[in-house]
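**Student:** Pasting a structure below so you can have a look.
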Amino acid sequence: MTVDMDDEEIDKESLQEELGQIKQAVGLQDEYPYWWRWWLVEGISVGILLPLIEWGLRDGFSFPLIGGLIAVFVTQQLALYHIQSEYERPTTGIPSWEMWHLVVFAALGAVLVGMNPFFDAIDSNDLFVFWLVIAGGLLGLGYLSLGQLLAAHNIRKADRYAFHGAGLWILGLVAVVPYVPQVYDWVFTIFGVSYASYCIAAYGILSRV
């Protein structure tokens, strides 16, 4: 019997998933790259956002500054969505990037609420550093955890190591900055530039492997 392919709807995603499972079963499935272009977008956007936020916290958030922050954030999200939509999804799925962000921000919010009664006891000159230690510590832990999680999703080692490296980079920065009082007035800018440098370096390496 002849099947008229024009009359029968083919689910391309299901066929692709089945093919991936067959390849994986016989050992032919390569490890998937994990949005390596994401590092470039993340680095540039954070490298712009954090200095702007520090400027606003110090001198006040004017309407042009708020507009600039919104524009950078929206552009970042659109670029990330475009990047994610272009990559082939592993047959085992991939961790939800949106859920990971929600978990990190929820943890950060809970810690900040819990620490709120103690903020008055902290010198105002040290408050930005205190925020950096809390936010950076949670973010670094989040990156390390995500890098570990990717191992279960057939993601290539180079991409997993990039997340591990980011976590260690952030935790190292968080551990060192409080001991350098000379940079207290610029901690967000220093963190943003340092993180952006790591992201751009990670993009350069991952784009070649």
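**Student:** Name the residue that is nearest to LEU171 (Cα to Cα), counting only residues in segment 112-130 that are surrounded by 12 or more Cβ atoms within 10 Å (Cβ to Cβ) and of a type in the set (Val, Ile, Thr). Can you show your working first?
**Tutor:** First pass over segment 112-130, keeping only residues surrounded by 12 or more Cβ atoms within 10 Å (Cβ to Cβ): 112, 115, 119, 122, 126-130.
Still in the list and also of a type in the set (Val, Ile, Thr): 122, 129.
Values: ILE122: 22, VAL129: 14 Å.
Filtering first and then ranking leaves VAL129.
**Student:** Determine, yes or no, whether ILE200 is at pLDDT 90 or above, surrounded by 19 or more Cβ atoms within 10 Å (Cβ to Cβ) and part of a helix (DSSP H, G or I).
**Tutor:** Details: at pLDDT 90 or above: yes; surrounded by 19 or more Cβ atoms within 10 Å (Cβ to Cβ): no; part of a helix (DSSP H, G or I): yes.
The answer is no for ILE200.
**Student:** Out of segment 70-95, which residues are outside any helix (DSSP H, G or I) and either open to solvent by less than 60 Å² (accessible area, probe 1.4 Å) or among the β-branched types (Val, Ile, Thr) (or both)?
**Tutor:** Correct list: TYR87, PRO90, THR91, THR92, GLY93, ILE94, PRO95.
**Student:** Which residue, of GLY47, GLY60, is open to solvent by less than 50 Å² (accessible area, probe 1.4 Å), without any contact (Cβ under 8 Å) to a residue 12 or more places away in the chain and out of contact with any Leu (no Cβ under 6 Å at 6 or more places or on another chain)? Lay out the reasoning, then the answer.
**Tutor:** Values: GLY47 fails: without any contact (Cβ under 8 Å) to a residue 12 or more places away in the chain.
Going through GLY47, GLY60 in turn, the sole match is GLY60.
**Student:** Using the structure shown, decide if VAL133 is out of contact with any Gly (no Cβ under 8 Å at 6 or more places or on another chain), β-branched (Val, Ile, Thr) and open to solvent by less than 40 Å² (accessible area, probe 1.4 Å). Before the answer, list the steps.
**Tutor:** Values: out of contact with any Gly (no Cβ under 8 Å at 6 or more places or on another chain): yes; β-branched (Val, Ile, Thr): yes; open to solvent by less than 40 Å² (accessible area, probe 1.4 Å): no.
So VAL133 does not fit the description; no.
**Student:** In addition: When you look at TYR195, is it within 17 Å of the chain's Cα centre (by Cα) and open to solvent by 60 Å² or more (accessible area, probe 1.4 Å), yes or no? Walk me through it before giving the result.
**Tutor:** Details: within 17 Å of the chain's Cα centre (by Cα): yes; open to solvent by 60 Å² or more (accessible area, probe 1.4 Å): no.
Considered against the rule, which asks whether it is within 17 Å of the chain's Cα centre (by Cα) and open to solvent by 60 Å² or more (accessible area, probe 1.4 Å), TYR195 comes out as no.
**Student:** Determine whether GLY67 is surrounded by fewer than 16 Cβ atoms within 10 Å (Cβ to Cβ) and assigned to a loop (DSSP other than H, G, I, E, B). Working first, answer last.
**Tutor:** Details: surrounded by fewer than 16 Cβ atoms within 10 Å (Cβ to Cβ): yes; assigned to a loop (DSSP other than H, G, I, E, B): no.
In short, no.
**Student:** Name the residues in segment 136-164 that are open to solvent by 10 Å² or more (accessible area, probe 1.4 Å) and of a type in the set (Ser, Thr, Tyr), would you?
**Tutor:** SER145, TYR161
**Student:** Follow-up question, since we're still on this one. Go through segment 96-153 residue by residue and tally those that are over 20 Å from PRO178 (Cα atoms), out of contact with any Pro (no Cβ under 8 Å at 6 or more places or on another chain) and part of a helix (DSSP H, G or I).
**Tutor:** Restricting attention to segment 96-153, the residues satisfying the condition of being over 20 Å from PRO178 (Cα atoms) are 96-107, 109-110, 113-114, 117, 142-153.
When the remaining residues are screened for being out of contact with any Pro (no Cβ under 8 Å at 6 or more places or on another chain), the result is 96-107, 109-110, 113-114, 117, 142-145, 147-148, 151-152.
Applying the additional criterion that residues be part of a helix (DSSP H, G or I) yields 97-107, 109-110, 113-114, 117, 142-145, 147-148, 151-152.
Qualifying residue count for the region: 24.
The values are calculated or read from the model by the stated rules, or taken from the named source; none is laboratory data. Since the structure is predicted, the reported quantities are computational estimates derived from the model, not experimental observations. Positions of Cβ are generated from backbone atoms using ideal geometry, with glycine treated the same way; all protein chains shown enter the neighbour counts. These accessible areas exclude ligands, DNA and RNA; they are computed on the full protein's heavy atoms, side chains included. Shrake-Rupley method; radii C 1.70, N 1.55, O 1.52, S 1.80 Å.
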